[in-house]
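*Asks:* Questions regarding the structure given below will be posed in turn.
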Amino acid sequence: MESSPARRRGLVTRLVHEGEHAHSPACVPTSTPIYTSSTYLHPSAAALDEAFTTGQYVYGRYGNPTVATFERVMANAEGGVAAVAFASGMAALHAALLAAGTPRGETIPKSRGIVASRDLYGATLMLLHDFFAAQGVTVTYVDTSNLAALQTALTTHRPDVVMVEQISNPLLKVVDVESIAKAAHEIGARVVVDATMTTPILQQPLVFGADVVVHSATKFIGGHADGTAGIAVARSSMVADSLRRYSKLLGGVLGPFEANLMTRGVKTLALRVRQQCANAAAIATWLVEQPNVARVYYPGLASHPENELATRVFQGGFGAMVSFDLRLATRETAFRFVDALRMILPATTLGDIYTLVTLPLISSHRELTPEQRQTLGISDGLVRLSIGIEDVDDIRDDLQQALAAAHPA
């Protein structure tokens, strides 16, 4: 008796399954595809079991090919053994501090404490206070541009982690990563460097001894104001493994669409940063001569306290950030200045192709008390510029008319 032919699958089933799971073409795409799959198939249960063990792709929170492309290029650029991407710079920093505070050979962070620069991004200060200090971790703040003060803090507190920004936000102080790393390693501490403002184009902190370098890739790495991301790059396999473990457990992983935008941004990073640095140097020099500007903060100026250090450790520029105090350092004057700008954009970020302005008073350091801001040297009239790639004359003209408008006769 003849067997009946196999029943054709129903229309709904065919709409769901047909066309899927095709093998990759023999050709290689010019750019990495955006892999949106949240799970990955393997030919057998045994193969799936092995995939978990060998680190192959099995689940989106564990890894994604598009994200891995971004991680590889950033690890290579920074000279690290591996990089782990996150959904934001703060997520990357959180994981980096946990990974750096994990004792050698252990899996659970048991930090004796953190010594941190007192000149940090406002959200970083809040992370240290509201999360780490609230969990019983001792956090000590010190002027890390003062190596003697740092050495005293290290000797007294013997922390597991030292946290610094390569260029501080918003007063643009520069730290000596090599000296800090040497002092930290002598007491067994690891060093985490937020290098968002320098990017690997100006300096690679791992080369100078840092253990983890972190970027808010939302800024210069992406560079086009269209994606939010973070990246942490480790100098050792042990710290890299900890970073990956925390990314899986905490779940703040980067999505494939954003990873694609970040990888695209990396390809033009050097070109953008060089133009931005050249524009920033010209603007900083010009601002020094303006009667409505009381003080200019820029590492490329001879008047900057760390100009000699910046000249020695940075490659091809001093960054795209310029901060300055208005002559009338009041909230009202600062608001008038921002509102008078015609081309420069009032956006609470940095590192984009556009020139941006922000007031730390109401943005990055708004959660601090007036007394805390005063202690840090942040006046109500402090303006932070992130210089873009526009024609420098157009940037200067917009600043000039806004300065005049903010200081009416």
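The values are calculated or read from the model by the stated rules, or taken from the named source; none is laboratory data. Because the structure is a prediction, the values reported are computed rather than measured. Positions of Cβ are generated from backbone atoms using ideal geometry, with glycine treated the same way; all protein chains shown enter the neighbour counts.
*Asks:* Among the residues that make up the range 18-33, is at least one of them surrounded by 12 or more Cβ atoms within 10 Å (Cβ to Cβ) and at pLDDT 95 or above? Spell out how you get there, then give the answer.
*Replies:* Within the range 18-33, the first condition is being surrounded by 12 or more Cβ atoms within 10 Å (Cβ to Cβ), and the residues that meet it are 32-33.
Checking which are at pLDDT 95 or above leaves us with none.
No, the conditions are met nowhere in the range 18-33.
*Asks:* Which residues, taken from the range 284-317, are free of Cβ contacts under 8 Å to residues at least 60 places away in the same chain and within 28 Å of the chain's Cα centre (by Cα)?
*Replies:* At the first step, the residues of the range 284-317 found to be free of Cβ contacts under 8 Å to residues at least 60 places away in the same chain are 284-285, 288-289, 291, 295-296, 300-303, 307-308, 311-312.
Within the range 284-317, A284, T285, R295, V296, G300, L301, A302, S303, N307, E308, T311, R312 qualify.
*Asks:* Sort through A75, A92 and tell me the only one that's in the same structural domain as Q204 (by TED's automatic domain parsing), of a type in the set (G, A, S) and touching a Phe, Trp or Tyr at 6+ places or on another chain (Cβ under 7 Å). Let's see the steps before the verdict.
*Replies:* Numbers: A75 fails: touching a Phe, Trp or Tyr at 6+ places or on another chain (Cβ under 7 Å).
None of the others qualify; the one that does is A92.
*Asks:* Looking at the range 351-369, is at least one residue farther than 25 Å from A217 by Cβ and either modelled with pLDDT of 95 or more or surrounded by fewer than 16 Cβ atoms within 10 Å (Cβ to Cβ) (or both)? Let's see the steps before the verdict.
*Replies:* Going through the range 351-369, the residues farther than 25 Å from A217 by Cβ turn out to be 361, 368-369.
Imposing the further condition that a residue be either modelled with pLDDT of 95 or more or surrounded by fewer than 16 Cβ atoms within 10 Å (Cβ to Cβ) (or both) reduces the set to 369.
Within the range 351-369, one or more residues are farther than 25 Å from A217 by Cβ and either modelled with pLDDT of 95 or more or surrounded by fewer than 16 Cβ atoms within 10 Å (Cβ to Cβ) (or both).
*Asks:* For the range 359-409, name all the residues that are of a type in the set (V, I, T) and in contact with a Phe, Trp or Tyr (Cβ under 7 Å, 6 or more places away or on another chain). It would help to see each step written out before you state the result.
*Replies:* So in the range 359-409, the residues of a type in the set (V, I, T) come out as 362, 369, 375, 378, 383, 387, 389, 392, 395.
Answer for the range 359-409, where residues must be of a type in the set (V, I, T) and in contact with a Phe, Trp or Tyr (Cβ under 7 Å, 6 or more places away or on another chain): just V383.
*Asks:* Also, quick follow-up: Out of everything in the range 200-258 that is part of a helix (DSSP H, G or I) and acidic (D, E), what residue ends up being nearest to the chain's Cα centre (by Cα)? Talk me through it step by step, then tell me what you get.
*Replies:* Start the filter on the range 200-258 by keeping residues that are part of a helix (DSSP H, G or I), which leaves 200-202, 205-208, 237-250, 256-258.
Narrowing the set further to residues that are acidic (D, E) leaves 241, 258.
On the way: D241: 20, E258: 15 Å.
Step by step, filter the range 200-258, then rank; the result is E258.
*Asks:* Across the range 356-393, which residue is farthest from A270 (Cα to Cα) among those that are among the β-branched types (V, I, T) and under 18 Å from the mean Cα position of the chain (by Cα)? Explain how you work it out, then say what you get.
*Replies:* So in the range 356-393, the residues among the β-branched types (V, I, T) come out as 357-358, 362, 369, 375, 378, 383, 387, 389, 392.
So of that shortlist, the ones also under 18 Å from the mean Cα position of the chain (by Cα) come out as 358, 387.
On the way: T358: 24, I387: 15 Å.
Looking at residues that are among the β-branched types (V, I, T) and under 18 Å from the mean Cα position of the chain (by Cα), I get T358.
*Asks:* Hey, another quick one. So which residues in the range 192-213 are more than 23 Å from P305 (Cα to Cα) and either touching a Phe, Trp or Tyr at 6+ places or on another chain (Cβ under 9 Å) or acidic (D, E) (or both)?
*Replies:* D211
*Asks:* Identify the single condition in (1) free of Cβ contacts under 8 Å to residues at least 60 places away in the same chain; (2) assigned to a helix (DSSP H, G or I) that H42 does not satisfy, given that it satisfies every other one.
*Replies:* (2)
*Asks:* Six or more apart or on different chains, Cβ atoms under 9 Å: show the pairs whose first residue is in the range 329-353 and at negative phi and among the aromatic types (F, W, Y) and whose second is surrounded by fewer than 17 Cβ atoms within 10 Å (Cβ to Cβ) and part of a helix (DSSP H, G or I).
*Replies:* F337/A405
*Asks:* Any chance you could count how many residues in the range 119-172 are under 16 Å from the mean Cα position of the chain (by Cα), in a loop (DSSP other than H, G, I, E, B) and among the β-branched types (V, I, T)?
*Replies:* 0
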